[in-house]
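Engineer: Here it is, the structure in full.
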Amino acid sequence: GMSTTKMAIVVLADTDSHADLGRVVNALVATKEFKEAGDDVKLIFDGAGTKWPGVLADPGHKSHRLYEQVADVIAGACGYCARAFDAEDDVHAAKVPLLEDYHDHPSLRSLAASGYQIVTF
């Protein structure tokens, strides 16, 4: 049958600036586009990006609704980075799993080996 596109979208953007907000919104929009097309898409928060689930889970955030629309394809957040950026509690509160497959980080290699393209924001 038809093979679907396999895409892993990785958010590395920090939460500090307007440019950072633009990056995470673009990541969410891209995730939504792949999801709506029926593709196999995973959204991952890594590095300073592990701060975003806690921010976006807030119903008062202007991008909360967009975040909710792709929440079901969030694979998780880097455990190591969530701890390094003091975001672990917020990640748990947002019900996002911690990914610690490779030295406490998500395994990008296993995604690539499984046929996922990886794009970072």
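Engineer: Let me have the 222 nm mean residue ellipticity of the chain computed from DSSP H runs of 4+ only, each contributing -39500 (n - 2.57), with the sum over all residues rounded to the nearest 500. Spell out each step's value before the answer.
Structural biologist: Values: 6 runs with 49 residues, N = 121.
Estimated from H runs of four or more residues: -11000 deg cm²/dmol.
Engineer: Of all beta bridges DSSP finds with both residues in the chain, what is the antiparallel percent, to the nearest 5? Numbers along the way, then the final one.
Structural biologist: Working: 1 of 16 bridges.
Of those bridges, close to 5 percent are antiparallel.
Engineer: Over what distance in Å are the Cα centres of region 83-105 and region 5-71 separated?
Structural biologist: Region 83-105 and region 5-71 have Cα centres separated by 15 Å.
Engineer: Provide the per residue accessible area, probe 1.4 Å, for the chain, rounded to a whole number of square angstrom.
Structural biologist: Numbers: 6500 Å² over 121 residues.
Ligands and nucleic acids excluded, the result is 54 Å² per residue.
Engineer: Further question on the same structure: Normalised by the residues of the chain, what does the relative contact order come to in percent, with Cα pairs under 8 Å and at least six apart? Could you put the intermediate results ahead of the total?
Structural biologist: On the way: 212 pairs, mean separation 38.1, N = 121.
So the answer I get is 32 percent.
Engineer: If you don't mind, another one. Please list Val55, Val73, Val91, Val29 from largest to smallest accessible area, probe radius 1.4 Å, with all protein chains kept in place.
Structural biologist: Values: Val55 50, Val73 25, Val91 0, Val29 75 Å².
Output order, biggest surface exposure first: Val29, Val55, Val73, Val91.
Engineer: Where Lys and Arg each count +1 and Asp and Glu each count -1, what net charge lies around Pro53 among other residues with Cβ under 12 Å from its Cβ? Could the numbers behind the result be given before it?
Structural biologist: On the way: positive: Lys51, Lys95; negative: Asp46, Asp58, Glu68, Glu88, Asp89, Asp90.
So the environment of Pro53 carries a net charge of -4.
Engineer: To continue, here is another question. Within a Cβ distance under 14 Å of Lys35, other residues only, what is the Lys/Arg minus Asp/Glu net charge? Walk me through the intermediate numbers first.
Structural biologist: On the way: positive: Lys6, Lys32, Lys42; negative: Glu33, Glu36, Asp39, Asp40, Glu68, Asp72.
Taking every other residue near Lys35 into account, the sum is -3.
Engineer: Choose one answer from Ala71, Ala37, Ala82: the residue with the largest mean-square fluctuation in a GNM of the chain with alpha-carbon springs under 10 Å.
Structural biologist: Ala37
Engineer: Subtract the Cα-Cα distance of Val119 and Asp72 from 0.36 nm times their separation in residues, and report this length gain in nm to one decimal.
Structural biologist: On the way: separation 47, 0.36 × 47 = 16.92 nm, distance 1.87 nm.
Stretched out fully, the Val119 to Asp72 stretch lengthens by 15.1 nm.
Engineer: How much length is gained on full extension from Ala19 to Ala93, taking 0.36 nm per residue of separation minus their Cα-Cα distance?
Structural biologist: On the way: separation 74, 0.36 × 74 = 26.64 nm, distance 2.55 nm.
My answer for the length gained is 24.1 nm.
Engineer: For an R0 of 22 angstrom, estimate the FRET efficiency from the Cβ-Cβ distance between Glu33 and Ser110 and round to the nearest 0.05. Provide the component values of the computation, followed by the final result.
Structural biologist: Working: r = 24 Å, r/R0 = 1.09.
Between Glu33 and Ser110 the formula returns 0.40.
Engineer: Would you mind getting the Kirkwood hydrodynamic radius of the chain from its Cα pairs, rounded to one decimal in Å? It would help to have the intermediate numbers written out before the result.
Structural biologist: Values: mean 1/r = 0.0704 Å⁻¹.
Hydrodynamic radius (Kirkwood, Cα pairs) of the chain is 14.2 Å.
Engineer: Any idea of Lys51's accessible area? Nearest 10 Å², probe 1.4 Å.
Structural biologist: 50 Å²
Engineer: Which one of Asp46, Asp89, Asp16 has the biggest mean-square fluctuation once the chain is modelled by GNM with Cα springs under 10 Å?
Structural biologist: Sorting by GNM fluctuation, first place goes to Asp16.
Engineer: I would also like to ask the following. What is the dipole size for the chain, taken about its Cα centre, with +1 at each Lys and Arg Cβ and -1 at each Asp and Glu Cβ, in debye to the nearest 20?
Structural biologist: Values: 11 positive and 18 negative charges, 69 e Å.
Magnitude of the dipole: close to 340 debye.
Engineer: When the chain is treated as a GNM, springs tying every alpha-carbon pair under 10 Å, which of Tyr80, Tyr102, Tyr67 comes out with the largest mean-square fluctuation?
Structural biologist: Tyr102
The values are calculated or read from the model by the stated rules, or taken from the named source; none is laboratory data. All figures in this text were calculated on a predicted structure; none of them were measured in a lab. Cβ coordinates were reconstructed from backbone atoms using ideal geometry, including for glycine residues, and neighbour counts include every protein chain displayed. When the accessible area is computed, the model is the full protein with side chains, heavy atoms only, and any ligands, DNA or RNA have been set aside. Shrake-Rupley method; radii C 1.70, N 1.55, O 1.52, S 1.80 Å.
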